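Novice: Sharing a structure here in C-alpha cells format.
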Amino acid sequence: MNAQVLDMLPLPASIGRTKSVKLVEPPSCSSPSTVVFIGRNHRGQWIAQEQNGLYGGLFVSRAQAIKYALFENGQHPETIVELPREIELDMGKSPNLSQRAA
C-alpha cells in the first residue's frame, strides 16, 4: 500500500492522540552523520554508497536503494542525497574510520 492509500483509510477507534512523543536531537547535533549518495550508474542500475565508502550496494530500484540507505544510516532520510549525475559503486575505497569513532 502506498502512503496516499494509507492516508485515506479510517483509523480504528482504539487509536487515540494521547500518546506522548519523546523529542530527540537530530543526528547532525548529537553525532557526526555520514551522507549516503544514491543515483544510477552508467548501466542505469541504482547505487547507494556511503560518502567514505564504508558501505554501499547495487539495487534494482530507487526504492530499494533508499530502503537500504535508511537501514544503514539509522533511519535518517536527511542524510541521503540523490545525485543527478552518474555514480559508480566503488567498494575499493579505504573508509575514513576516524570520523566513525565516537
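Novice: Those residues that are exposed (fewer than 12 other Cβ atoms within 10 Å of the Cβ), modelled with pLDDT under 95, more than 14 Å from Phe37 (Cβ to Cβ) and over 9 Å from the mean Cα position of the chain (by Cα), I need them from region 58-100; list them, please.
Specialist: Result: Gly92, Ser94, Leu97, Ser98.
Novice: Let me ask something else about it. Return the pair list, or none, for Cβ contacts closer than 6 Å from residues in region 52-74 that are in contact (Cβ under 8 Å) with a residue 12 or more places away in the chain to residues that are assigned to a helix (DSSP H, G or I), at least 6 apart or on different chains.
Specialist: Tyr55/Glu72; Gly57/Tyr68; Phe59/Ala65; Asn73/Thr79
The values are calculated or read from the model by the stated rules, or taken from the named source; none is laboratory data. Since the model is a prediction, treat every value here as computed from it, not as a measurement. Cβ sites come from the backbone with ideal geometry, for glycine too, and all protein chains shown count toward neighbours.
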